[in-house]
Every structure is written in structure tokens, then in C-alpha cells.
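Read the structure below first, then the notes.
Just so you know, all these numbers are worked out from the coordinates, no wet-lab data involved. Everything numeric in this text was worked out from a predicted model, so none of it was measured. Neighbour counts are summed over all protein chains in view; Cβ atoms, including those assigned to glycine, are modelled from backbone coordinates with ideal geometry.
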Amino acid sequence: MRYFEPTKDPLLDLAFRRVDDSMLREIAEADYGMDSDAHLQGLLAIKAGQMYVPMKWKPKEVLELTRWTEPEDPSSESGSPATRDHWMRLLSCAILIRAAAEPENDGYFNGEGSTIIQLVDSAIKLGEETTVATLQFLRWRMEYRRLDEWNRPYFAVAVLLLSVLLNKCDPQITRDLIAAANFEVIAFSQLFDDCLLSQKWKDATRRILCESVAASEDVRRFGTLLLGRTNAGW
């Protein structure tokens with residue numbers, strides 16, 4: 001099934017086709033314009049394929065800052081159309097997740113839960129092609145290198161969200177993803193608690209896992225557990 005083919009390439013290729021050099025310049029200026037030329041050179045090197053080992057502070061800093069942007073926030077001062085800002089945020093999040101997969105970058109990245117939900121949110125807003133590519137990218141990340149217990153649940157829930165949204169989630173896929181989301185030392189209802197964007201995770205869970213017509217009974221039950229609406233065990 002092509003939707004679940006684990007591959008990093010479609011998302012990164014798609015993002016770099018949509019994010020032109022003027023948008024890379026805007027990302028490079030995310031730290032109030034400080035060291036923007038150096039950040040831009042780093043971004044252009046990434047675009048040319050010289051990306052990940054080790055990831056340098058320039059452009060890591062501006063990628064992380066761009067991750068926090070909210071394209072549809074009416075108080076945003078970017079002046080850019082929301083779609084344009086979503087592409088920049090999606091690319092920034094994808095690069096951060098891709099770089100964090102490499103052993104040489106161990107201990108250099110944090111907040112992957114926030115990065116993942118920002119990526120998912122932008123992918124959904126940008127349409128089906130981007131959503132499919134993001135699903136494949138996150139599947140690739142889950143298989144490329146073993147995830148630690150703190151980050152694996154976020155990846156698993158993100159893949160489940162996109163799978164249900166695309167109406168491509170069969171019972172076996174559901175079971176596998178719920179098992180991957182299981183963090184034995186805490187309850188499902190606490191999975192999002194350590195994430196700065198926990199409310200965004202909960203909103204997506206409610207909307208897609210609990211209220212979507214494409215969600216199966218097992219998916220809805222899992223969604224309610226994530227939201228802490230029931231004490232029943234899985």
C-alpha cells in the first residue's frame with residue numbers, strides 16, 4: 001500500500017519544490033535577522049543535499065524558531081499568506097526530524113513531540129499530497145532507527161492521525177500503532193503532558209480519532225483514552 005511505504009524522499013522533495021530561495025531567506029531571518037547570511041548558506045547547503053551530520057547551529061536555530069510559527073494566527077506579523085508560511089514551517093519541521101534520525105546528532109535535538117504535531121498540522125492544511133508524503137516520512141523515521149520510549153508514542157499517534165484522516169487505517173495497522181504508542185510507565189492520558197503543544201495534540205486527537213466518520217470503534221476508544229475521558233484500560 002503506497003500510503004504506508006516508509007520513505008523520506010517525497011516529503012523533502014515536495015517541500016523544497018514549494019519553498020523557493022526567497023522563502024529560505026525568510027526562514028534564515030527568523031532570529032530577528034541575526035546572522036541571516038550564515039543561516040541562509042546552511043539552508044542552501046541542506047537544499048543541495050549536504051544536510052545532517054552533524055547539524056550545525058546555523059541553520060538549526062532558525063529551523064527551530066520557524067517550527068513555532070502559527071501561520072493562521074491573526075496576530076502574526078509575517079505578512080505572508082498562511083499557505084506560504086505552512087510550507088516554510090513544514091520544511092523546517094521535516095529537516096529537524098530528518099536530522100534527528102542520525103546517530104551523529106544524538107542529544108542535539110529536543111522537543112520532537114512539538115516538531116511532529118507542527119509538521120502534521122501543516123501537512124493537513126496543505127492537502128492530500130502533502131499528507132500522504134508526511135505519513136510516509138514519519139513511517140520511515142519509525143523504521144530507520146529505533147526510537148526511544150519518549151518519542152516513539154508521538155510518532156505512532158501522528159501516523160495514526162494521518163492514516164485515519166486519509167481513511168487508510170485497517171484493524172492491523174490500528175493495533176500496531178496503538179502498541180507502538182504504549183509507554184509503559186505512564187497512562188495513555190498522560191502521553192501529551194510533557195509536550196509544549198499538548199493542546200494541539202489533544203485537538204487533533206479529538207477531531208480526527210474521536211469525531212471522524214473514518215475512525216473505527218477501536219480508534220475512537222483509543223482517542224478517548226488519550227484525552228483522558230475514560231478510566232478503562234486497553
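What are the ³J(HN,Hα) values, in whole Hz, obtained from phi via the Karplus relation 6.51 cos²θ - 1.76 cosθ + 1.60 with θ = phi - 60°, for each residue of segment 163-179 in sequence order, with x given for Gly and Pro?
The phi angles translate into 5, 5, 4, 7, 6, 10, 10, 8, x, 5, 4, 4, 4, 5, 6, 5, 5 Hz.
Count neighbours as other Cβ atoms within 10 Å of each site's Cβ, and list the chymotrypsin sites (Phe, Trp or Tyr not before Pro) in segment 1-85 that are DSSP loop with at most 14 such neighbours.
Working: sites: Tyr3, Phe4, Phe16, Tyr32, Tyr52, Trp57, Trp68; in loops: Tyr32, Tyr52, Trp68.
When the chymotrypsin sites (Phe, Trp or Tyr not before Pro) of segment 1-85 are filtered for loop state and at most 14 Cβ neighbours within 10 Å, Tyr32 remain.
Taking R0 as 30 Å, what FRET efficiency do you get between Tyr108 and Arg146 from their Cβ-Cβ distance, rounded to the nearest 0.05?
Details: r = 17 Å, r/R0 = 0.58.
After rounding, the FRET efficiency stands at 0.95.
Based on the alpha-carbon gyration tensor of segment 147-234 and its eigenvalue square roots a ≥ b ≥ c, which shape applies: rounded if a/c is under 1.5, prolate if not and a/b is larger than b/c, or oblate?
Values: a/c = 1.39, a/b = 1.29, b/c = 1.08.
Rounded is the answer for segment 147-234, as its axis ratio a/c remains below 1.5.
Quick check on segment 1-145: take the gyration tensor over C-alpha atoms, sort the square-rooted eigenvalues as a ≥ b ≥ c, and tell me if it's rounded (a/c under 1.5), prolate or oblate.
On the way: a/c = 1.65, a/b = 1.15, b/c = 1.44.
In terms of gyration-tensor shape, oblate.
In nm, to one decimal, how far is the modelled label at Arg17 from the one at Arg175, with both set 7 Å along Cα→Cβ?
Simple spin-label model gives 3.8 nm for this pair.
Using only Cα atoms and rounding to the nearest 10 degrees, what angle (0 to 90) does helix 9-18 make with the longest principal axis of the chain?
Helix 9-18 sits at roughly 50 degrees to that axis.
What residues of segment 3-28 lie in the reach of a label at Leu166, counting those whose backbone N is under 18 Å from a point 7 Å from the Cα along Cα→Cβ?
The answer is 3-16.
Given R₀ = 41 Å, FRET efficiency for Met34-Arg220 by Cβ-Cβ distance, to 0.05? Provide the component values of the computation, followed by the final result.
Numbers: r = 47 Å, r/R0 = 1.15.
Computed FRET efficiency for Met34 and Arg220 comes out at 0.30.
I'd like to know which of Ile95, Ala215, Met51 lies farthest towards the positive end of the charge dipole of the chain, counting +1 on Cβ of Lys and Arg and -1 on Cβ of Asp and Glu.
Positive-end residue among those listed: Ala215.
Are there trypsin sites (Lys or Arg not before Pro) in segment 145-231 that DSSP puts in a loop and that have at most 16 other Cβ atoms within 10 Å, and which ones? Don't jump to the answer; show the numbers that get you there.
Numbers: sites: Arg145, Arg146, Lys168, Arg175, Lys200, Lys202, Arg206, Arg207, Arg220, Arg221, Arg229; in loops: Arg145, Arg146, Lys168, Arg229.
Listed in order of number, the matching sites are Arg145, Arg146, Lys168, Arg229.
Would you list, by chain and number, the lysines whose Cα falls below 23 Å from the Cα of Lys56, excluding same-chain residues fewer than 8 positions away?
Qualifying lysines at Cα under 23 Å: Lys8, Lys47.
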